[in-house]
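Engineer: Before I ask anything, here is the structure I am working with.
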Amino acid sequence: MNQVKKLVIIGGVAGGASAAARARRLNDHADIVVFERGPYVSFANCGLPYHLGGEIAERESLLLHTPESLTARFGLDVRVNSEVLSINRAAKTVRVHNRQTAETYEESYDALILAPGAAPIRPPLPGLDNPRVFTLRTVPDLDRLMQAMTSEVKHVTVVGAGFIGLETVEALRHRGLAVSLIERAPQVLTPLDAEMAAPLAQTLTQHGVELLLGESLAAVHAGEQLSLQLASGRSLQTDLVVLAIGVKPETGLAQAAGLTIGRSGGIVVNTQQQTSDPAIYAVGDAVEVQHTIHQQAVLLPLAGPANRQGRIAADAIFGHGKAYRGSQGTAICKVFNQTAASTGLNERSLAAAGIAYRKLYLHGNDHASYYPGASMISLKVLFEPATGRLLGAQAVGEKGVDKRIDVLAVALQAGLTVDDLAEMELSYAPPYGAAKDPVNLLGMAAQNLQHGLLQLIEPEALAAQLASGTAPQLIDVREPEEIATGQIAGARNLPLSQLRELSRTLDRQRPVVVYCMVGLRGYIAQRHLQQQGFQVQSLNGGYKTWQALQLSQQYQSQS
C-alpha cells in the first residue's frame with residue numbers, strides 16, 4: 001500500500017484524527033481527506049461530563065482541533081457535516097452527502113480508513129423519543145443537555161452505572177441536582193468484581209445519589225414531570241433522563257459494503273487494522289479486538305486503543321507495517337472522592353472463559369504512612385496458578401490508584417508474573433510511595449501463596465462455613481481497641497502481640513482461621529500457628545475485604 005496517493009478517512013475524534021495526523025507525518029504528498037458527519041472533527045468526548053459538572057469551565061477546551069487547525073498544521077482536507085452514505089469497493093469511491101448544502105457527490109480513494117465510532121444504545125422502549133431523554137456522546141449531545149438544564153430542573157435520572165453514567169451522576173450532583181441512578185446489574189461499574197465495586201456504591205449513596213441496582217427502565221411517560229416505569233413495577237418521577245447504558249459499534253457502512261462483521265458485532269480486522277477488503281482499514285469503537293488474556297474477539301470502546309489503532313492503520317498503508325497487540329481493557333473512573341480502575345479480566349470473565357486463576361487482595365497506603373495525608377488503596381490481582389502470570393487487576397482508593405493500575409497494566413501486557421511484581425524497582429520517597437510499594441507487596445504476598453507459605457481462605461468460603469454451622473476457630477488478631485470498628489460474628493480476639501502465649505487456649509484438633517484488618521498480621525499469625533502444628537488459614541484481604549463482600553451482598557439483596 002506504499003503507492004497510496006489518496007487516503008480517505010471516514011470519522012474523526014480519536015481513531016480517525018490520529019490516523020490522519022500519522023498518515024501526514026509519514027507522507028507529505030498524499031491527498032488526505034477526512035469526512036465527519038457532525039460539526040466537530042476532533043473533540044474530547046471523555047471530557048464531556050466534566051464540562052457538564054463545571055470542572056472544565058470552557059466548552060472550547062473540549063475542541064482539540066478544528067478543520068482549520070488540521071488544515072494549517074497537517075495540510076488535511078477536512079470536511080465536517082459530511083456524511084458518507086455508501087462505499088463502492090469495486091470503483092474505490094464513497095458517496096458523500098453534504099448536510100449543509102444538501103449536495104451529494106462521489107469521492108475516490110486508493111485506501112480507506114473507517115473510524116465511524118459507536119452510538120449510544122437506545123433500547124426500543126416506549127417514550128425514549130421524548131425530548132427530555134438525552135445521551136452524552138458528542139458535543140451536540142452536551143449542548144442539548146446543557147440547554148435543558150433550566151432553573152426548573154431539580155431532579156435527573158441516569159440510566160446505566162458504567163464509566164459515563166458514574167461520571168455524569170457526579171457532574172449532576174456538582175450542579176446541585178437530585179440524582180437517581182438506575183442500573184440493571186446488582187453492582188456499579190461491572191469491569192470490577194462486586195466486592196471491589198461495593199465501596200463505590202457506598203460513596204454514591206453518601207453523596208446523596210439514589211441508587212437503584214438490579215432495576216431496569218421499562219417505559220417513559222410524559223407529563224409535567226417524566227414518569228419512569230421500572231421493570232420491578234416501581235415508578236419514579238424525574239425532570240430529565242440521561243441514557244448511559246452502553247454503546248454499539250457503527251457498522252452500517254461496513255455491512256452495506258459487504259465487509260466481514262464478527263460475532264461481537266464489530267468490524268473484523270487483522271493485526272494491521274485491515275478489513276476483509278485489502279484497501280479498507282477500520283479503527284476505533286467500531287472494530288472488534290482480540291483480548292490479550294483469553295484471545296477472544298471483544299468490543300472495548302476506549303480512546304487509548306482507538307488512537308493506537310489509527311496510528312497502526314496509517315503505518316500499514318504507507319509501508320511502515322506494525323502489528324496491533326490486542327487490548328486488555330485498562331480503564332479508570334473518578335467517583336467523587338474515590339478512583340476505581342482495572343486492567344485485564346475480572347473473576348466473572350475468567351470463569352466464563354474457563355481460565356483457572358488465583359486471587360489475592362492487598363490494602364496498602366498510597367505513600368509512606370508516617371508522611372501526612374496517606375490514604376488506603378485496595379488492590380486485587382488475579383493470576384495463573386501454575387505460572388503466576390498476571391490475568392487481571394483492580395484498584396479502588398482516593399489517591400495513587402492510577403499509578404498502581406498503570407504499573408500492573410504494563411506488567412500484564414508484558415506477560416510478567418507475580419514474582420516480577422515483587423522484584424519491580426519503583427520510585428520511592430515518603431510523599432509518593434513506600435520502600436515496599438503496594439505493587440511489590442502484592443507480588444511478595446502472591447509469592448508466599450504460590451510457595452505454600454501463605455494459606456488463604458476466601459471471604460465467600462468463610463461466609464459459607466459460618467452459614468452452614470461448620471465454622472472453624474475464628475481468631476481476630478487485632479488489638480482490643482480496634483474491635484470497636486466491627487468484628488466477624490463468632491470470632492475470638494487473640495491479639496497478635498499476645499498470640500504466642502494465648503495460642504495454647506486453641507483446640508489443636510479443629511481448623512483455625514485468623515484475620516486482622518488488611519491481612520499482614522493475619523499472615524504473621526498464620527505462619528506462627530502453622531509452625532506450631534495447627535491447621536490454619538488466613539482470611540484473604542482481612543476484615544476490610546470481608547466488609548466489602550458483606551456490603552456487596554447487602555446491595556445485591558436490596559436489588
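Any read-out appearing in this document is the output of simple, stated calculations on the displayed coordinates, not a laboratory observation. Since the model is a prediction, treat every value here as computed from it, not as a measurement. Glycine also receives a Cβ, built like all others from the backbone with ideal geometry; neighbour counts cover every protein chain displayed.
Engineer: Taking amide H positions as placed 1.01 Å from N in the peptide plane, with prolines and chain starts having none, which residues 5 or more places from residue 121, or on another chain, fall under 5 Å of its amide H?
Structural biologist: 245, 246, 247, 248
Engineer: Between the DSSP loop rule and a limit of at most 15 other Cβ atoms within 10 Å, which GluC sites (Glu not before Pro) in the range 138-246 are left?
Structural biologist: For GluC sites (Glu not before Pro) across the range 138-246 that sit outside H, G, I, E and B with at most 15 neighbouring Cβ atoms in 10 Å, the list reads 152, 224.
Engineer: Another question about this same structure. Work out the FRET efficiency for residue 270 and residue 554 from their Cβ-Cβ distance, taking R0 = 30 Å, and round it to the nearest 0.05.
Structural biologist: 0.05
Engineer: Each label point is 7 Å from the Cα along the Cα-to-Cβ direction; what then is the distance between the points at residue 5 and residue 323, in nm?
Structural biologist: The answer from the label model is 3.4 nm.
Engineer: How high is the FRET efficiency from residue 492 to residue 428, r the C-beta distance, R0 41 Å, rounded to 0.05?
Structural biologist: 0.60
Engineer: Sequence gap at least 6, Cα distance under 8 Å: using those rules, report the relative contact order of the chain to the nearest whole percent.
Structural biologist: 12 percent
Engineer: Tabulate in residue order the Karplus-calculated ³J(HN,Hα) for the range 541-547, using 6.51 cos²θ - 1.76 cosθ + 1.60 with θ = phi - 60°, rounded to whole Hz; enter x for Gly and Pro.
Structural biologist: Along the range 541-547, the couplings run x, x, 5, 5, 5, 4, 4 Hz.
Engineer: Tell me, what ³J(HN,Hα) does each residue in the range 398-403 have, in order and in whole Hz, if you take phi through Karplus 6.51 cos²θ - 1.76 cosθ + 1.60 with θ = phi - 60° and put x for Gly and Pro?
Structural biologist: Karplus-based 3J(HN,Hα) across the range 398-403 equals 8, 9, x, 5, 4, 4 Hz.
Engineer: Which of the trypsin sites (Lys or Arg not before Pro) across the range 272-378 are loop residues per DSSP, with 16 or fewer other Cβ within 10 Å?
Structural biologist: Qualifying residues, ordered by number: 322, 325.
Engineer: Okay, moving on. In percent, how large is the relative contact order of the range 133-245, given Cα pairs closer than 8 Å and 6 or more residues apart?
Structural biologist: Details: 200 pairs, mean separation 36.8, N = 113.
It rounds to 33 percent for the range 133-245.
Engineer: Something else about it: Considering only DSSP beta bridges where both residues belong to the chain, give the percentage that are antiparallel (nearest 5). Each step should come with its number before you reach the end.
Structural biologist: Details: 55 of 100 bridges.
Counting only bridges with both partners in the chain, antiparallel ones make up about 55 percent.
Engineer: With θ set to phi - 60° and the Karplus curve 6.51 cos²θ - 1.76 cosθ + 1.60, what are the ³J(HN,Hα) couplings of the range 329-340 in order, to the nearest whole Hz, using x for Gly and Pro?
Structural biologist: x, 5, 8, 9, 8, 8, 10, 6, 8, 9, 10, 10
Engineer: Can you figure out the FRET efficiency of residue 210 with residue 121, using R₀ = 22 Å and their beta-carbon distance, to the nearest 0.05? Provide the component values of the computation, followed by the final result.
Structural biologist: Details: r = 23 Å, r/R0 = 1.02.
Here the calculated transfer efficiency is 0.45.
Engineer: Figure the gain on full extension for residue 230 and residue 77 (residue separation times 0.36 nm, minus the Cα-Cα span) and round it to one decimal in nm.
Structural biologist: 50.3 nm
Engineer: Given only helices, namely DSSP H runs of n ≥ 4 each adding -39500 (n - 2.57), what is the per-residue ellipticity at 222 nm of the chain, to the nearest 500 deg cm²/dmol?
Structural biologist: Numbers: 16 runs with 163 residues, N = 559.
Calculated at 222 nm, the ellipticity per residue is -8500 deg cm²/dmol.
Engineer: Let me ask you something else. Amide H to amide H, which residues 5 or more places from residue 300 or on other chains are under 5 Å from it, using H placed in the peptide plane?
Structural biologist: Under 5 Å from the amide H of residue 300 lie the amide H atoms of 289, each far enough along the sequence or on another chain.
Engineer: Which angle between 0 and 90 degrees, to the nearest 10, do you get for helix 303-317 versus the longest principal axis of the chain when only C-alpha atoms count?
Structural biologist: Rounded to the nearest ten degrees, it is 50.
Engineer: Quick one: dipole size for the range 133-245, taken about the Cα centre, charges +1 on Lys/Arg Cβ and -1 on Asp/Glu Cβ, in debye to the nearest 20.
Structural biologist: Working: 7 positive and 12 negative charges, 25 e Å.
Computed charge dipole of the range 133-245: roughly 120 debye.
Engineer: Please list, by residue number, everything in the range 329-347 whose backbone N is under 12 Å from a paramagnetic label point 7 Å out along Cα→Cβ of residue 294.
Structural biologist: Output list for this probe position: 345-347.
Engineer: Residue 386 to residue 524: extension gain in nm, 0.36 nm per residue of separation minus the Cα-Cα distance? List each step's numbers first, then the result.
Structural biologist: Numbers: separation 138, 0.36 × 138 = 49.68 nm, distance 2.48 nm.
That pair, residue 386 and residue 524, stretches by 47.2 nm at full extension.
Engineer: Hey, what did the range 456-541 get for relative contact order, percent, Cα under 8 Å, at least 6 apart? Show your work: numbers first, answer last.
Structural biologist: Details: 125 pairs, mean separation 29.3, N = 86.
For the range 456-541, the relative contact order is 34 percent.
Engineer: Can I ask one more? Consider a paramagnetic label point 7 Å from the Cα of residue 108 along Cα→Cβ; state which residues of the range 67-96 have an amide N under 19 Å from it.
Structural biologist: Backbone N within reach: 77, 86-96.
Engineer: For residue 493, which sequence-distant residues (separation of 5 or more, or a different chain) have an amide H within less than 5 Å of its own amide H, given hydrogens modelled in the peptide plane?
Structural biologist: Under 5 Å from the amide H of residue 493: 476.
Engineer: Fully extended, how many nm does the chain gain between residue 91 and residue 46 (0.36 nm per residue separation, minus their Cα-Cα distance)?
Structural biologist: Full extension of this stretch gives 12.5 nm more.
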